[in-house]
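Shown next, in structure tokens, is the structure this report addresses.
Computed from the coordinates by the stated procedures, all read-outs in this text should not be read as laboratory data. These numbers come from a predicted model, not from an experiment. Counting neighbours? That spans all protein chains shown, and the Cβs are built from the backbone with ideal geometry, glycine included.
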């Protein structure tokens, strides 16, 4: 059996994100999560919002760990995780009532961020929201010294990674019929960007 992976960041940020999701997304219906990682968010959010159906996705190398967590801690509201590399895999043939992704945009190459927005837009119901959590720059400037150090460490690992500028992300979203509705400041120099499908 695969080991259950753990993210201390996901454990810290889950409650502040949940506090926002309670008012931003429907309490019933289905949510598509892009890049479910350790699965901690899916487990916690479905425990707290028990009428939601949650569709986790991730790249193939993370699916075994996701499945292990859901077998140990999951519930009937978490659908089986789907393999989704946003660039190369087919997206689920379904329209969702909301979409969510945390800490993905800065570890994807930019072309993957583009494909994420294209795929999310194509699989959201009209007027549904896409909530994107993570660190973002404002006017090409870091919002903290810690984010500047984090960005440098990301680019040292892979030059295609890096904290994205909020204006660039907003412009990309508009191309895919997603309008930035809210930019909410979150703990630890993060934001929750909330887009609505037009």
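Values for this structure:
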quantity	calculated
Per principal axis, descending, Cα span of the range 1-54 in whole Å	33, 22, 18
Fewest-first sequence of 107, 25 by Cβ atoms within 10 Å of each Cβ	107, 25
Candidates 187, 109, 80: whichever shows maximal mean-square fluctuation once the chain is modelled as a Gaussian network with Cα springs under 10 Å	187
Relative contact order of the chain, pairs being alpha-carbon contacts under 8 Å that are 6 or more residues apart, as %	19 percent
The chain, helix-only ellipticity at 222 nm - DSSP H runs n ≥ 4, -39,500 (n - 2.57), divided by all residues, nearest 500	-12000 deg cm²/dmol
Ranked list, fewest to most other Cβ atoms within 10 Å of each Cβ, for 110, 54, 91	110, 91, 54
Fluctuation leader among 102, 156, 64 - the chain, Gaussian network, Cα springs under 10 angstrom	156
Mean shadow area of the chain over all directions, Cα convex hull, nm²	10.3 nm²
Inter-label distance for residue 73 and residue 22, nm, one decimal - labels placed 7 Å from Cα along Cα-to-Cβ	2.0 nm
Cα centroid of the range 128-198 to Cα centroid of the range 15-81, whole Å	21 Å
Packing-based exposure ordering (other Cβ within 10 Å, fewest first) of 193, 180	180, 193
Estimated FRET transfer efficiency when R0 is 22 angstrom, pair residue 188-residue 157 (beta carbons, to 0.05)	0.65
Of 184, 66, 49, the one that fluctuates the most in a GNM where the chain has Cα springs shorter than 10 Å	184
Value of Rg/Rh across the range 19-120 [Cα atoms, Kirkwood radius]	0.94
Segment residue 139-residue 12, extension gain: residue separation times 0.36 nm, minus the distance between their alpha carbons	43.0 nm
